[in-house]
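Participant: Got a structure for you, written out below as structure tokens; questions coming shortly.
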Amino acid sequence: MALFDHFHNVYDVAFKPRLLRTLLKDHVPDQNQPCRSPSDLSIVLSAIKTHRLLSESVTESIDQKHIDKWKTAVDSWVDRLLALVSCNMPDKCWAGTCLLGLTCQECSTDRFLASYSVWFHKLLSHIQSLIIEVEILALLEGCKQKL
């Protein structure tokens with residue numbers, strides 16, 4: 001097959017950006033695409049872990065263009081997750097939060113150190129809004145019981 005003439009094996013750095021982009025396109029929801037099923041996230045999780053798609057670590061000498069493509073694919077991954085975490089639809093926010101947790105575990109140390117503050121603040125804003133919603137619901141429930 002001509003497609004596989006460009007890759008040595010499934011762990012080849014040249015293969016990782018394409019696989020990551022395919023996962024994003026086919027299995028990770030975006031602003032316009034609904035969440036299909038939790039099994040899609042399972043497929044993504046398995047592929048990310050098996051192929052170390054977010055690690056951005058290179059052990060052999062690799063052409064810089066392959067490294068740059070991989071970095072760009074991981075950037076696209078992170079951008080999609082941040083958009084999902086910021087989404088008002090609970091299923092998309094949940095998917096983004098779960099995949100962001102996976103990203104924290106699987107990404108390179110350099111990416112984590114450069115990004116954790118942004119990731120934390122995205123999640124914190126949702127946690128704070130949930131706390132406010134719960135407090136409002138508790139207040140309304142208390143008023144309802146007094147009537």
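The values are calculated or read from the model by the stated rules, or taken from the named source; none is laboratory data. On a predicted model such as this, the values are computed, not experimentally measured, just so you know. As a convention, Cβ positions derive from the backbone with ideal geometry for all residues, glycine included, and neighbour counts pool all protein chains shown. Just so you know, the surface numbers come from the protein's heavy atoms only, side chains and all, with ligands and any DNA or RNA stripped out. Shrake-Rupley method; radii C 1.70, N 1.55, O 1.52, S 1.80 Å.
Participant: Mind checking which aspartates and glutamates have their Cα closer than 19 Å to the Cα of LYS16? Skip sequence neighbours fewer than 8 apart in that chain.
Facilitator: Qualifying aspartates and glutamates at Cα under 19 Å: ASP5, ASP26, ASP40, GLU56, GLU60, ASP63, ASP68, ASP75, ASP79, GLU106, ASP110.
Participant: Counting only protein chains, not ligands or nucleic acids, how are THR59, THR109, THR103, THR50 ordered by accessible area (probe 1.4 Å), most first?
Facilitator: On the way: THR59 135, THR109 95, THR103 0, THR50 70 Å².
Result of the area sort, largest leading: THR59, THR109, THR50, THR103.
Participant: Shifting gears a bit: Assuming R0 = 25 Å, can you tell me the calculated FRET efficiency for the pair MET89 and ILE132, based on Cβ-Cβ distance, to the nearest 0.05?
Facilitator: 0.85
Participant: Packing-wise, with mean Cβ within 10 Å as the measure, how do 20-29, 64-73 rank, highest first? Don't skip to the end; give the middle numbers.
Facilitator: On the way: 20-29: 17.5, 64-73: 15.1.
In decreasing order of mean packing, 20-29, 64-73 become 20-29, 64-73.
Participant: Here's something else I'd like to know. Given only helices, namely DSSP H runs of n ≥ 4 each adding -39500 (n - 2.57), what is the per-residue ellipticity at 222 nm of the chain, to the nearest 500 deg cm²/dmol?
Facilitator: Details: 5 runs with 103 residues, N = 147.
Estimated from H runs of four or more residues: -24000 deg cm²/dmol.
Participant: Considering only protein heavy atoms and a 1.4 Å probe, what is the carbon-and-sulfur percentage of the accessible area of region 11-84? Working shown, then result.
Facilitator: Numbers: 2070 of 3940 Å².
Carbon with sulfur: 53 percent of the solvent-accessible area.
Participant: Could you work out the Kirkwood radius for region 1-127, taking every pair of different alpha carbons, averaging 1/r and inverting it, reported in Å?
Facilitator: 15.2 Å
Participant: Something else: Relative to the longest principal Cα axis of the chain, at what angle does helix 109-146 sit, 0 to 90 degrees, rounded to 10?
Facilitator: Taking the Cα atoms of the chain, the angle to 109-146 is about 20 degrees.
Participant: Given Cβ point charges of +1 (Lys, Arg) and -1 (Asp, Glu) and nothing else, what value in debye, to the nearest 20, does the dipole of the chain about its Cα centre take?
Facilitator: The calculated dipole for the chain is roughly 220 debye.
Participant: Ok, one more. Tally Lys/Arg at +1 and Asp/Glu at -1 over every other residue whose Cβ is under 15 Å from the Cβ of CYS104; what's the total?
Facilitator: Net charge in that neighbourhood comes out at +1.
Participant: Now for a separate question. Return a single number: how many Lys pairs in region 67-147, at a sequence separation of 8 or more or on separate chains, have alpha-carbon atoms below 30 angstrom apart. Walk me through the intermediate numbers first.
Facilitator: On the way: LYS69/LYS92; LYS69/LYS122; LYS71/LYS92; LYS71/LYS122; LYS92/LYS122.
The result is 5.
Participant: Charges on Cβ only, +1 for Lys and Arg, -1 for Asp and Glu, centred on the Cα centroid of the chain; of VAL85, ALA14, ILE48, which one is farthest towards the dipole's positive end?
Facilitator: Most positive-ward Cα: VAL85.
Participant: How much accessible area per residue does the chain have, in Å², with a 1.4 Å probe? Intermediate values should be presented prior to the final figure.
Facilitator: Details: 9470 Å² over 147 residues.
Heavy-atom accessible area per residue stands at 64 Å².
Participant: Using a Förster radius of 41 Å, what is the FRET efficiency between GLN64 and VAL118 based on their Cβ-Cβ separation? Nearest 0.05, please. Write down the numbers at each step before the final one.
Facilitator: Working: r = 26 Å, r/R0 = 0.64.
That pair, GLN64 with VAL118, gives E of 0.95.
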